[in-house]
Amino acid sequence: MRRIDTISKMQTYSRNTQGKGKSIGFVPTMGYLHKGHLSLIKKAKEEADVVVVSIFLNPKQFGPNEDLANYPKDLEKDLKLCRSAGADIVFVPSEEEIYPAGFSTEISENRLSEGLCGISRPVHFKGVLTILAKLFHIVLPTVTVFGQKDAQQVAVVRKMVTDLSFPVEIIEAPTVREKDGLAMSSRNRYLSKTQREDACIIQEALKAAKKMVDSGTLSIDRVVAETTHIISSKRRMRIIYISMVDRVTLEPVKVIEPGKCLLAAAVWVDEIRLIDNIIL
Ligand code: PAF
């Protein structure tokens, strides 16, 4: 495994790799890797000849009152994990390399990114798309792998890739969960033991919703109400949204069509924001 820190060296590597007729699988990350990221690297290895992982804590996707300053970091551990998962290249650019003085270009998608997390995080997806557009130009990936936990991110990135004709295939890999069912996230490390116990209710509520649908309940109001009721039973939880949407367009759905709907939730566990979802 090789570490690359500059855009020019990364682009040279990618152009040479493409020149040899090899495909590039890409896993963009903000570091503090966990088993969820490792599963994305493994998926990228199955799909492409070489795997590039980027580690860049992207300030543009954090709002002014969000957790950028406290976001966990452990580059040495991340590099070891990337090596053990079989990454070929780890791209670790500095902030000055990515956003030099005078940087003034942004990419925004104005439909899918407006709802769900976009309501409470108005700058988030603009920041995500701006960094990904830049990384796609640097890494030149054939395929890029994202986790289903960030379902809105996947849908918004797919839309950018389609609208702007980026020559990259987007792959969505299943959410990896802790033993207690909590979706893996770098933010889980903020949770105390008791917050952690309460946070598990999110996955339990989503599973209960799926069970309702599987056993014939097709009323969106009833399914959303039951999910809300289960999550609210824990004192520490404050719901930001629980929404039933089309998995591709993220538009609210009027009827539940199994396999096509996403029940997505964002909640505060005290001051820690978590998201999760389930396909119904
Ligand atoms: O999902 C993430 O970790 C980030 O949003 C991403 C895709 C690495 C862009 O900074």
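The values are calculated or read from the model by the stated rules, or taken from the named source; none is laboratory data. If you're wondering where the values come from, they're calculated on a predicted model, not measured in any experiment. Ideal geometry is used to build each Cβ from the backbone, glycine not excepted, and the neighbour counts take in all protein chains shown. Note: accessible area is taken over every heavy atom of the protein model, side chains too, but ligands, DNA and RNA are not part of it. Shrake-Rupley method; radii C 1.70, N 1.55, O 1.52, S 1.80 Å.
Things to note:
- Counting the residues of the stretch 209-218 that are surrounded by fewer than 15 Cβ atoms within 10 Å (Cβ to Cβ) and under 26 Å from the mean Cα position of the chain (by Cα) gives 1.
- Residues in the stretch 162-203 that are surrounded by 15 or more Cβ atoms within 10 Å (Cβ to Cβ) and among the small types (Gly, Ala, Ser): Ala173, Gly181, Ala183, Ser185, Ser186, Ala199.
- Qualifying residue in the stretch 194-208 (condition: among the hydroxyl-bearing types (Ser, Thr, Tyr) and farther than 19 Å from Arg238 by Cβ): no
- His229 vs. criteria of a type outside the set (Asp, Glu), under 25 Å from Tyr99 (Cβ atoms) and open to solvent by 60 Å² or more (accessible area, probe 1.4 Å): no
- Residues that are in contact (Cβ under 8 Å) with a residue 24 or more places away in the chain and open to solvent by 100 Å² or more (accessible area, probe 1.4 Å) within the stretch 1-17 comprise Arg2, Arg3, Arg15, listed in sequence order.
- Qualifying residue in the stretch 256-267 (condition: open to solvent by less than 20 Å² (accessible area, probe 1.4 Å), aliphatic (A, V, I, L, M) and assigned to a loop (DSSP other than H, G, I, E, B)): yes
- Of all the residues in the stretch 123-135, those that are among the hydrophobic types (A, V, I, L, M, F, W, C) and more than 11 Å from the ligand (Cβ to nearest atom) number 1.
- Of all residues in the stretch 211-238, those satisfying the criterion of being basic (Lys, Arg) and closer than 21 Å to Ser120 by Cα are Arg236, Arg238.
- Qualifying residue in the stretch 13-29 (condition: under 28 Å from Ala183 (Cβ atoms), part of a loop (DSSP other than H, G, I, E, B) and not hydrophobic (A, V, I, L, M, F, W, C)): no
- Residue within the stretch 141-161 that is surrounded by fewer than 19 Cβ atoms within 10 Å (Cβ to Cβ), part of a loop (DSSP other than H, G, I, E, B) and away from the ligand (no atom under 12 Å from the Cβ) present: no
- Scoring Asp221 on the criteria (1) out of contact with any Lys or Arg (no Cβ under 7 Å at 6 or more places or on another chain); (2) in a strand (DSSP E or B); (3) open to solvent by 10 Å² or more (accessible area, probe 1.4 Å); (4) within 29 Å of Lys159 (Cα to Cα) leaves a single failure, condition (2).
- Considering residues of the stretch 75-133 that are among the β-branched types (Val, Ile, Thr) and not in a loop (DSSP other than H, G, I, E, B) only, the residue surrounded by the fewest Cβ atoms within 10 Å (Cβ to Cβ): Ile119
- Any hit, the stretch 223-242, residues being in contact with a His (Cβ under 8 Å, 6 or more places away or on another chain), hydroxyl-bearing (Ser, Thr, Tyr) and within 30 Å of Thr162 (Cα to Cα): no
- Asn70 satisfies every condition listed in (1) surrounded by 14 or more Cβ atoms within 10 Å (Cβ to Cβ); (2) under 19 Å from the mean Cα position of the chain (by Cα) except (1).
- Criterion: open to solvent by less than 70 Å² (accessible area, probe 1.4 Å), within 10 Å of the ligand (Cβ to nearest atom) and either under 17 Å from the mean Cα position of the chain (by Cα) or farther than 21 Å from Arg177 by Cα (or both) - qualifying residue of Ser54, Ser39: Ser54
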